[in-house]
Amino acid sequence: MTKTALVTGGTRGIGKAISLALKEAGYTVAANYAGNDDAARAFTDETGIATFKWSVADADACADGIRQVESEVGPVDFLINNAGITRDGFMHKMSVDHWQSVIETNLSSLFYMTKPVLEGMRERGFGRVVNISSINGQAGQLGQTNYSAAKAGVHGFTKALAQEVARKGVTVNTIAPGYINTDMVAAVPEKVLEGIIAKIPVGRLGEAEEIAQAVLFLCGPNSGFITGSCLSLNGGQHMF
């Protein structure tokens with residue numbers, strides 16, 4: 001049986017690593033992206049993975065995009081909600097737009113993306129939803145009230161939905177990465193990055209491939225008894 005996985009924000013950084021790992025494991029993968037068409041074409045040329053463009057912050061676009069994916073690739077049995085943005089700033093200076101854009105992209109998108117695929121999963125008696133949160137949704141981070149609030153909301157979404165669909169063979173879990181060696185983190189000033197790494201007990205940044213392997217585990221055949229859980233991959237930086 002063909003296993004179709006849809007990865008949002010699936011052409012760059014952690015999303016790219018997830019898309020590649022799923023493909024290498026034998027899944028048919030569709031990667032969503034929102035912005036750079038040239039980069040998406042290069043990704044497809046490099047990997048052979050089909051890409052589909054829409055904003056996960058737009059409910060109608062998500063519904064239309066998923067219909068296109070299911071028409072061209074197949075019913076979505078594995079949904080990886082990975083897409084996210086940052087609009088950092090201290091709360092007293094934060095604009096309404098910067099608050100709303102982060103909440104819509106990082107949290108509301110889970111509803112917009114998951115609802116259209118959920119009925120099919122329930123009818124087939126199988127589905128895997130993996131939501132990518134963040135250490136900053138667990139511990140908070142100054143200058144990120146919008147991002148931390150959205151990522152904390154991911155955990156509540158996961159726990160509630162997991163209870164609703166468990167008896168239908170659908171699991172819903174969260175992965176909360178710490179600081180990962182991606183372009184976004186690489187843009188952090190060197191001295192700031194050194195300070196971040198000094199607080200990570202394992203003494204290094206994580207790698208996107210490590211997050212991808214965790215996604216593979218939660219999508220795999222031996223993870224059916226795991227639902228409503230959060231897997232923290234942060235090098236020991238935040239333990240609870």
field: Residues (touching a Pro at 6+ places or on another chain (Cβ under 9 Å) and closer than 17 Å to Leu110 by Cβ) located in segment 130-177
entry: Ile132, Ser133, Ser134
- request: Could you grab me the full set of residues in segment 54-94 that are surrounded by 17 or more Cβ atoms within 10 Å (Cβ to Cβ) and either in contact with a Leu (Cβ under 6 Å, 6 or more places away or on another chain) or not in a loop (DSSP other than H, G, I, E, B) (or both)?
  value: Ala59, Cys62, Gly65, Ile66, Val69, Glu70, Val76, Phe78, Leu79, Ile80, Asn81
- request: Look at Gly236 and say whether it is in contact with a Gly (Cβ under 9 Å, 6 or more places away or on another chain) and either in a helix (DSSP H, G or I) or within 24 Å of Ser108 (Cα to Cα) (or both).
  value: no
Single unsatisfied condition, Met91 versus (1) among the hydrophobic types (A, V, I, L, M, F, W, C); (2) under 14 Å from the mean Cα position of the chain (by Cα); (3) under 25 Å from Tyr179 (Cα atoms): (2)
- request: Pairs only if they're at least six apart or on different chains, beta carbon under 6 angstrom, first in segment 155-175 and within 15 Å of Val76 (Cβ to Cβ), second polar (S, T, N, Q) and part of a helix (DSSP H, G or I); list them, first residue then second.
  value: Val172/Thr158
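Grab the helices (runs of 4 or more DSSP H) fully contained in segment 142-220, keeping just those with 1 or more residues being basic (Lys, Arg) and surrounded by 19 or more Cβ atoms within 10 Å (Cβ to Cβ).
145-165
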- prompt: For Gly127, all conditions in the list (1) touching a Gly at 6+ places or on another chain (Cβ under 8 Å); (2) under 19 Å from Glu164 (Cβ atoms); (3) surrounded by fewer than 18 Cβ atoms within 10 Å (Cβ to Cβ) hold save one; what is the number of the exception?
  reply: (3)
query: Can you name the residue in segment 2-53 that is crowded, with 19+ Cβ neighbours inside 10 Å and on the phi > 0 side of the Ramachandran plot and, of all such residues, is modelled with the highest pLDDT?
result: Gly9
- prompt: Can Ser134 be described as touching a residue at least 40 places away in the same chain (Cβ under 8 Å), of a type outside the set (Lys, Arg) and not in a helix (DSSP H, G or I)?
  reply: yes
message: Looking at segment 1-33 only, could you name the residues that are over 16 Å from Glu72 (Cβ atoms) and assigned to a strand (DSSP E or B)?
response: none
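The values are calculated or read from the model by the stated rules, or taken from the named source; none is laboratory data. Given the structure is predicted, the values throughout are model-derived calculations rather than measurements. When we count neighbours, we look across all protein chains shown, and the Cβ atoms used for this are built from the backbone with ideal geometry, even at glycine.
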